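The values are calculated or read from the model by the stated rules, or taken from the named source; none is laboratory data. Here the structure is a predicted model, which is why all the values come from computation and not from measurement. Heads up, the Cβs are rebuilt from the backbone with ideal geometry, glycines too, and the neighbour counts pull from every protein chain shown.
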Amino acid sequence: MVLSNHRYLAKMASSPLLSVATELLLAVVEAIDDAASLRNFALTCKFARLLAEPILYRAVLVTTGSQAACLAKALQQQQPPTRAELVQVLDLRPRYGRDADLEALTPLIEAMTQLRALSMESPLANYGRWHSSAASHRWEALMQGYRALFLDAQCGAGLQNLKSLTIHWSGDASRFWLLTEFKPILTLPALQSLTISCAVLDDDLTDDLVAFAGTTPLTHLELVECFVSQKALTAVLALPRTLRSCHLGSMRYHTSPANTYHEVSPEQQLEALRQQRHSLQQLTWFDKDFAYDTDVHRVSTVSGIGLYDFTELHTLTLDGASALLFSTLLSERAPPNLDRLRIVRHDEGTVLDHLTDSVAYARIPGIPPPFSLHQHLPNLHHLDVVFFPAGRYITEPLWAKPDRRDHVKRLGEDYHACGIRLAIFSANRGRVIPPYLFGEEAPCEEPAYRAENAWFAGNDIGGIFSSLATDG
């Protein structure tokens, strides 16, 4: 229970609590998860403030302009240590229609010299509200503050210790925003993880980036619903010294920007990625087309070395029908040390109704035959197939039909004979599309089948827990 200020102050004045060893008292304060109680404790004396405020201001979430104004007022006090220096995680998630102006706060971000993680959203993202002139005016004012922030960062003021940056923005008059206007984001000196959505990465972005090639500490790059040119992608992927995780998400759910842009082709994407072949460990590859009936026996054959020299690549997720990647996996150009392959299909799993003959193997469309995978991917141990319907909800469970269950079990046995564990998942998108914003319920993958113990969802209550435990 939170005591009122007067009662709390009177109690603390006569309490021996502050005589406890500092290390023990700090552990007690760290364990308090009620912000109001921490604030009351900080008001008792200077020593209590020094203990409580680093926890109070360590991680801050702002969703309205009123919250931004209150936080800005609190941060402006200058008694050491300054409160701005205590902020390590800052989430700016303004909600549309909730006095979403953040102008009072953004000038103070550069004073947050210990900031490690920053997340920023547009109150207009994923909606069509930028068409409103009033909303556009408010958003442009905020963007001006952001521009100044990142331009200053390149000159040495603020954000020098930032390790993680997530930006889900829109433009002031369209769904997209130009990364060129915020180019210093790409060369922040300590940034290790960058996630952006609905951004345009066009040829103009490449100016002056060549000087930073192979120098940035970025290890994770995620592009969600972005428009990317070949020249821009090549320049961006040249920046990290050792990129370990990459998520290439081209536009699927949003309308393309102006036709004057030239989008990178799958072959050009792969060529740009080759710059990180010495370090890349995880790759998520989006294709614009949904994977309904991709026939992996009829995929196109392309020239080049493919993924053969991506020796560190251990996890590959194919989201959509990628003829280029399928043909690479089923050839001598496959990545030699791949351990897990994830195939995301945008249908309801009806392909599992196709007959499977363990001898002649009349294959299931869009799912590679086990023997072909084993031949070219000798170190593959896990195959995850995720059914992600184009509609909002799966109308029939993947395990509902007895014939389907039999086919899936036989398929799992064939994979098991090759040393590959097959797992099937189902996912529902609901009413949201990428990028998934604060407060939105992102799709959750639910296990439907695991081959190692022939488990189907619905067989028993404890099955899901035992299968998860054996999955490692």
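In table form, for the structure just shown:
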item	result
Single condition GLN88 does not satisfy, out of (1) over 28 Å from LEU191 (Cβ atoms); (2) at pLDDT 90 or above	(1)
Filtered residues of segment 57-66 (kept if surrounded by 18 or more Cβ atoms within 10 Å (Cβ to Cβ) and either at pLDDT below 90 or part of a loop (DSSP other than H, G, I, E, B) (or both))	TYR57, THR63, THR64, GLY65
Test: residue in segment 386-396 that is of a type in the set (S, T, N, Q), in contact with a Pro (Cβ under 8 Å, 6 or more places away or on another chain) and either at pLDDT 75 or above or more than 30 Å from GLU312 (Cβ to Cβ) (or both)	no
Residue selected from segment 95-128 under the condition at pLDDT 70 or above and of a type in the set (S, T, N, Q), by the criterion surrounded by the fewest Cβ atoms within 10 Å (Cβ to Cβ)	THR113
Close pairs from segment 68-81: first farther than 15 Å from PRO54 by Cα, partner at pLDDT below 75, Cβ under 8 Å, at least 6 apart	ALA68/ASP101
Conditions (1) modelled with pLDDT of 75 or more; (2) within 26 Å of PRO434 (Cα to Cα); (3) touching a helix residue (DSSP H, G or I) at 6+ places or on another chain (Cβ under 7 Å): number failed by GLU53	(2)
Selection status of LEU149, over 21 Å from ILE55 (Cα atoms), part of a helix (DSSP H, G or I) and either modelled with pLDDT of 75 or more or in contact with a Phe, Trp or Tyr (Cβ under 7 Å, 6 or more places away or on another chain) (or both)	yes
Candidates LEU221, LEU205, LEU237, LEU209 - the one that is without any contact (Cβ under 8 Å) to a residue 40 or more places away in the chain, closer than 25 Å to THR311 by Cα and touching a helix residue (DSSP H, G or I) at 6+ places or on another chain (Cβ under 6 Å)	LEU237
Within segment 161-207, tally of residues that are modelled with pLDDT under 90 and of a type in the set (S, T, N, Q)	2
Search result, residues across segment 208-225 that are modelled with pLDDT under 95 and either closer than 20 Å to LEU316 by Cβ or of a type in the set (Lys, Arg) (or both)	VAL224
Options ALA48, ALA74, ALA36, ALA27: the member that is assigned to a helix (DSSP H, G or I), small (Gly, Ala, Ser) and at pLDDT 85 or above	ALA74
Criterion: modelled with pLDDT under 90 and within 21 Å of the chain's Cα centre (by Cα) - qualifying residue of GLY304, GLY320	GLY320
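Table: residues versus (1) surrounded by 14 or more Cβ atoms within 10 Å (Cβ to Cβ); (2) modelled with pLDDT under 90.
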| position | (1), (2) |
| --- | --- |
| TRP399 | yes, yes |
| CYS418 | yes, no |
| PHE425 | yes, no |
| ARG429 | yes, yes |
| PHE438 | yes, yes |
| ALA442 | no, yes |
| GLU446 | yes, yes |
| ILE461 | no, yes |
